[in-house]
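Report on one structure; see the data block that follows.
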Amino acid sequence: MASGVRIALFVLLVLFGVLVAVAGVLVQSAWFPGGLLLALLGAAGVFYGGARALRARSGAYAPAASWLVAVLFLSMSRPEGDLLFGSTASSYLYLLGGMAVAVMCATLGAPAQPGGLAARLAK
């Protein structure tokens, strides 16, 4: 894969990570059990899809890092007292579950060794 295309995919994955984080923060508290599962499934789709698209673990790291930064940014309260990400059990489950999903998708996203045999390396 050409380096320009790879960089463009990384930028797109970072943007998808932020988009999924914002959508997840809004959805997870709206419909408690279903919204939380929907938000985590959306995050898992972006993380695992990125790993499979780039055929590398870094494809899951890029959206996961931007997801985490966006969620932490949205969890900060403003001086006026406004906040988007409340301190409820659903919010903490979304934060911790999303990090666990990111680790799982980065681990599962590692492809097999290219050009090698399935059982052993060629001599």
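The values are calculated or read from the model by the stated rules, or taken from the named source; none is laboratory data. If you're wondering where the values come from, they're calculated on a predicted model, not measured in any experiment. In this analysis, Cβ positions are derived from the backbone assuming ideal geometry, glycine residues included, and neighbour counts consider all displayed protein chains.
Residues are listed down the side, and each one gets a yes or a no for (1) more than 12 Å from the chain's Cα centre (by Cα); (2) without any contact (Cβ under 8 Å) to a residue 40 or more places away in the chain:
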residue: Leu15; (1), (2): no, no
residue: Leu38; (1), (2): yes, yes
residue: Ala53; (1), (2): yes, no
residue: Met76; (1), (2): yes, yes
residue: Phe85; (1), (2): yes, no
**Item:** Restricting segment 18-52 to residues that are touching a Gly at 6+ places or on another chain (Cβ under 7 Å) and surrounded by fewer than 16 Cβ atoms within 10 Å (Cβ to Cβ), the residue that is farthest from Thr107 (Cα to Cα)
**Value:** Ala23
**Message:** Restricting to segment 65-123, and then to whatever is within 21 Å of Ala51 (Cα to Cα) and polar (S, T, N, Q), can you tell me which residue is modelled with the highest pLDDT?
**Reply:** Ser66
